[in-house]
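**Q** Quick one: the structure is below, and I'll ask about it shortly.
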Amino acid sequence: MTTIATSLRSDATTMAHPPHAANGLAIVRLTIGAMLVWVFFENLGKGLYTPAGYAGLINYYIKASHSPAAWKAVMGLAANHAAMAAPMQAMTEISLGILLVIGLLTRPAAFVAFLYLGSLWISEWGTSWIWELLVPVLGSLGLAIGRAGRRWGADAWLSERWPSSPWW
């Protein structure tokens, strides 16, 4: 009969201290969530969620950015329907920000943030520093893959009750 010896110290250390990667992902989650909440209030103060403010910003991106022509057509559609698109963008920013800050439904929220921030990144090509949004875009993808809500978030409690759920 063969026995496998394990170190009590390594087992106790693993259980007593949370993995550093999970803490790092939680910090990234909180940072991107806070960024989205901040941007919501900044844009609200600038009037960018009004139809005129939103259309003006989008039309600026259409004229000044180096986005592909197909993407500029999508932006033109959003500018032409600014009365609907502006509040949708506002709700997207504030809801994603809050969900990421509290760590609730982190995986789907982070994936939507990845898509949303990626669309903003494409919209701003040539108008700002390329890394300005690329880092949060890829950080959001990492949050979706890494289950970042399971540390310091509401998803940690939910994962105790339903550990196999893909939502957290």
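The values are calculated or read from the model by the stated rules, or taken from the named source; none is laboratory data. Note that the structure is a prediction, hence the values are computed from the model and not measured. All Cβ positions, even for glycine, are placed from backbone atoms using ideal geometry, and neighbour counts span all protein chains on display. Protein only, heavy atoms only, side chains kept; ligands, DNA and RNA dropped before computing areas. Shrake-Rupley method; radii C 1.70, N 1.55, O 1.52, S 1.80 Å.
**Q** Quick check on segment 133-168: of everything there that is charged (D, E, K, R) and in contact with a Phe, Trp or Tyr (Cβ under 7 Å, 6 or more places away or on another chain), which residue is nearest to residue 117 (Cα to Cα)?
**A** Per the criteria, the residue is 147.
**Q** Failed condition for residue 108, given (1) touching a helix residue (DSSP H, G or I) at 6+ places or on another chain (Cβ under 7 Å); (2) open to solvent by less than 70 Å² (accessible area, probe 1.4 Å); (3) in contact (Cβ under 8 Å) with a residue 40 or more places away in the chain; (4) under 25 Å from residue 26 (Cβ atoms), with all others met?
**A** For residue 108, the exception is condition (1).
Rundown of residues vs (1) surrounded by fewer than 21 Cβ atoms within 10 Å (Cβ to Cβ); (2) at pLDDT below 95; (3) within 19 Å of residue 23 (Cα to Cα); (4) small (Gly, Ala, Ser), yes/no style:
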{"position": "82", "(1), (2), (3), (4)": "no, no, no, yes"}
{"position": "87", "(1), (2), (3), (4)": "yes, no, no, no"}
{"position": "100", "(1), (2), (3), (4)": "no, no, yes, no"}
{"position": "121", "(1), (2), (3), (4)": "yes, no, no, no"}
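**Q** Of the residues that make up segment 144-164, is at least one open to solvent by 50 Å² or more (accessible area, probe 1.4 Å) and under 27 Å from residue 70 (Cβ atoms)? Step through it out loud before you land on a result.
**A** First pass over segment 144-164, keeping only residues open to solvent by 50 Å² or more (accessible area, probe 1.4 Å): 145, 147, 150-152, 157, 160-164.
From the residues that got through so far, the ones that are under 27 Å from residue 70 (Cβ atoms) too are none.
No, there is no match, as no residue in segment 144-164 is open to solvent by 50 Å² or more (accessible area, probe 1.4 Å) and under 27 Å from residue 70 (Cβ atoms).
**Q** Can you find, within segment 47-70, the residue that is farthest from residue 111 (Cα to Cα) among those that are among the hydrophobic types (A, V, I, L, M, F, W, C) and open to solvent by 70 Å² or more (accessible area, probe 1.4 Å)?
**A** Filtering segment 47-70 for residues among the hydrophobic types (A, V, I, L, M, F, W, C) gives 48, 52, 55, 57-58, 62, 64, 69-70.
Keeping just the survivors that are open to solvent by 70 Å² or more (accessible area, probe 1.4 Å) gives 52, 69-70.
On the way: 52: 29, 69: 25, 70: 23 Å.
Selected residue: 52.
**Q** How many residues, within segment 97-155, are at positive phi and over 12 Å from the mean Cα position of the chain (by Cα)?
**A** Step one: of segment 97-155, the residues at positive phi are 103, 105, 126, 147, 152.
Among the residues that remain, those that are also over 12 Å from the mean Cα position of the chain (by Cα) are: 126, 147, 152.
Residues meeting the conditions: 3.
**Q** Could we say that residue 67 is among the small types (Gly, Ala, Ser) and not in a helix (DSSP H, G or I) here? Outline the logic, then answer.
**A** Details: among the small types (Gly, Ala, Ser): yes; not in a helix (DSSP H, G or I): yes.
The answer is yes for residue 67.
**Q** Got a number for residues in segment 123-141 being at pLDDT 95 or above and small (Gly, Ala, Ser)?
**A** So the count comes out to 3.
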